[in-house]
1. Exceeding 19 Å between C-alpha atoms, which entries from my cross-link table qualify? They are K52/K90; K27/K49; K52/K126.
2. How large is ³J(HN,Hα) for each residue in segment 71-87, as worked out from phi by the Karplus curve 6.51 cos²θ - 1.76 cosθ + 1.60 (θ = phi - 60°), to whole Hz, x for Gly and Pro?
3. Label points 7 Å out from Cα along the Cβ direction at D36 and Y119: separation in nm?
4. Listing S131, S72 from the residue with the fewest other Cβ atoms within 10 Å to the one with the most, what is the order?
5. Can you tell me how segment 43-86 classifies by the Cα gyration tensor, rounded, prolate or oblate, using a/c under 1.5 as the rounded cut?
6. Going by amide H atoms built from the backbone, whose H comes under 5 Å of the H on Q65, apart from near neighbours?
7. Could you put L118, L57 in order, starting from the residue whose Cβ has the fewest other Cβ atoms within 10 Å?
8. Taking neighbour Cβ counts within 10 Å as the exposure measure, how do V7, V127 sort from fewest upward?
Amino acid sequence: MLLKLDVLASTTIKRKKPWPTFAWLGKDVGDLFLFDSHRLSQLYLPSGKTKKKIPLLQSYLEEVQAFGISPSGLFVAGALNSGRVFIWNKSSATVKLTAVLDKIRNVQPGTKHNNPLLYISDCGKKVLLLSGFRQVFLWETQESNEALNTTSGMCCIYCKKKLCKK
């Protein structure tokens, strides 16, 4: 089977450091975003330039422990050092925050395999944070997407597993 593909755009990114993650966010074809540990930028494909600041998220980026992107690309979530989780809905240009949860404040990554991982559902109503191999945090809401702009809409279920030593 032969698959023919056409190059629609080609560019060189104008940055010295590499971007470890990129994703298409939102419904527009040209919305390509680049992620690293504390940065999120939009890439303009024709020029290779990046939009440095996204005003809604700028105040949260310095204290991000982990990013998560929904499979549909409509939501971006971030676990913050302050013990909160933010969810950015790119389509409606809104950011919502969870209540502070002390157990996730400044989760210290040990090794590469111990970094916190964050996942968000396609609908943006469930967020899963894995902290190392021992802690699992799940936020869930039953409310409609419009009601999620408040901090009271999401509740957290916490689970801690004790590992057995042999």
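1. K27/K49; K52/K126
2. For segment 71-87, the Karplus-derived couplings read x, 7, x, 7, 10, 10, 10, x, 8, 9, 4, 6, x, 10, 10, 9, 10 Hz, x marking Gly and Pro.
3. 2.8
4. Ascending Cβ contact count within 10 Å gives the list S72, S131.
5. oblate
6. A79, L80, N81
7. L57, L118
8. V7, V127
We did not get these values from a lab; they are worked out from the coordinates using the rules stated. Everything numeric here is computed off the predicted structure, so don't read it as measured data. Positions of Cβ are backbone-derived with ideal geometry, glycine not excepted, and every protein chain shown enters the neighbour counts.
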